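Every number here is computed from the coordinates shown, using simple stated rules; none is lab data. Bear in mind that the values here come from a model prediction, so they are computed numbers and not experimental data. Quick reminder, even Gly has a Cβ in these numbers, built from the backbone with ideal geometry, and neighbours come from all protein chains shown.
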Amino acid sequence: MSAEVIYGKDLATQIRQEMKEEVASLSKEGIHPKLVVIIVGEDPASQSYVKGKQRASENIGMESDLLELSADTSQEKLLETIEQLNSDSAVHGILVQLPLPDQIDEQKVIEAIDPKKDVDGFHPINVGKLMTGQETFYPCTPYGILVMLKRANVTIEGKHVVVVGRSNLVGKPVGQLLLNENATVTYCHSRTKNMKELTQQADILIVAVGKPHMITGEDIAEGAVVIDVGVNRVDGKLTGDVDFESASEKASYITPVPKGVGPMTITMLLHNTIKAAKWIHNR
Ligand SMILES: Nc1nc2c(c(=O)[nH]1)N[C@@H](CN(C=O)c1ccc(C(=O)N[C@@H](CCC(=O)O)C(=O)O)cc1)CN2
């Protein structure tokens, strides 16, 4: 079997066009979705992601601001900034780019964001809503994966989903989202003893670990759907957690790195910001 490649990049372009039309139509009703992104420090990858968020917002006609704070910014100053944005009615979405410098407690920052403006879906209230199957802001990468699977017409209900990785950003929420779609979900992590046995049983395998090429064709079943969330730089080249060459010989569908899941992350952030603006205006 040779896998069909799911290009998140192409899907992202299509969805962003749909959102551009929605933003124009909301604007006629006096609703102007606005996102504020905060970055602390100068990590090059984070700088590139926040710039991508800015560009993508502008391209669909959405308002956005980027607040760039120096690497030695105190936690108190960051919390104050968030408080001001929480009470600014023109701002619908607030995102603090992660990771944060060591002097700042990430969880305190996440909890300071008004859950109604938490377009990352990281606030415990929104995490709880996801767990209990309520509509809310879903974390952008997991949500992007769900949309990719649905748009590729991959059946989720009743399927065995194996998630490799248990981060709060991707692993845990993607498993929960797919459980909410009636999949049977297994999580694997660094202490899992029989990892290969489990990955070989997956109908849908999601790998979000950050280890280049840790999954190869040997680790997957014939016909599996393979979603690679890894973004690793090896010798200056971007590479995923899955060995694309060997895995695509056995998979039915596979996502590449780059141009796979990554571009969907920013797309779902735009989606969540529009949703936040619509909620606030009872639309
Ligand atoms: N507050 C948040 N911080 C972080 C998140 C997040 O969702 N919210 N996720 C990641 C980084 N991230 C967005 O912030 C992100 C990662 C990757 C991509 C992407 O488009 N990747 C491209 C390759 C881009 C490149 O050349 O580096 C791809 O895979 O094709 C977008 C956004 C951590 N922090």
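Brief remarks on what is shown
- With a threshold of 22 Å on the Cα-Cα distance, the over-threshold entries among Lys51/Lys259; Lys129/Lys259; Lys129/Lys196; Lys51/Lys211 are Lys129/Lys259; Lys129/Lys196; Lys51/Lys211.
- Taking amide hydrogens as placed 1.01 Å from N in the peptide plane, the amide H of Asp241 sits under 5 Å from those of His213, Val229, Gly230, each at least 5 positions away in sequence or on another chain.
- Computed about its Cα centre, the charge dipole of region 140-262 is approximately 460 debye, with only Lys, Arg, Asp and Glu carrying charge at their Cβ.
- Degrees between helix 8-28 axis and first principal axis of the chain (Cα, 0 to 90, nearest 10): 30
- Partners of Lys77 within straight-line reach, counting aspartates and glutamates whose Cα lies under 20 Å from its Cα and excluding those fewer than 8 residues away in the same chain: Glu42, Asp43, Asp65, Glu68, Asp88, Asp102, Asp105, Glu106, Glu111, Asp114, Asp118.
- Once backbone amide H atoms are built at 1.01 Å from N, Ile6 has Ile254, Thr255 as its partners under 5 Å, excluding neighbours fewer than 5 places away on the same chain.
- Selection from Leu100, Gly262, Ile15, by position along the positive dipole direction of the chain (Cβ): Ile15
- Taken one residue at a time, the phi angles of region 35-51 give Karplus couplings (6.51, -1.76, 1.60, θ = phi - 60°) of 10, 10, 10, 10, 10, 10, x, 10, 4, x, 5, 4, 4, 5, 5, 5, 5 Hz. Gly and Pro are set to x.
- On a per residue basis, the convex hull of the C-alpha atoms belonging to region 104-256 measures out at 129 Å³.
- For region 174-189, 3J(HN,Hα) per residue [Karplus equation, 6.51 cos²θ - 1.76 cosθ + 1.60, θ = phi - 60°, Hz, x = Gly/Pro]: 5, x, 5, 4, 6, 5, 5, 9, 6, 7, 9, 10, 10, 9, 10, 8
- Relative contact order (percent, whole number), region 140-262, Cα cutoff 8 Å, 6+ residue spacing: 22
- Two-decimal Rg/Rh across region 224-277, once Rg and the Kirkwood Rh are taken from alpha-carbon atoms: 1.11
- Net dipole in debye of region 135-190 [+1 Lys, Arg Cβ; -1 Asp, Glu Cβ; about Cα centre; nearest 20]: 140
- Only beta bridges with both residues in the chain are counted; by DSSP, about 10 percent of them are antiparallel.
- Relative contact order, percent, the chain [alpha-carbon distance under 8 Å, six or more residues apart]: 23
- Kirkwood-based shape ratio for region 1-152, expressed as Rg/Rh from alpha carbons: 0.99
- Taking 0.36 nm per residue of separation and subtracting the Cα-Cα distance, full extension of the segment from Lys259 to Thr132 would add 42.5 nm.
- Whether region 30-114 is rounded, prolate or oblate, judged on the alpha carbon gyration tensor where a/c under 1.5 counts as rounded: oblate
- Computed over region 30-114: relative contact order in percent, which uses C-alpha pairs under 8 Å that are six or more apart: 41
- Cα-based radius of gyration for the chain, normalised by 2.2 N^0.38 Å, reads 1.00.
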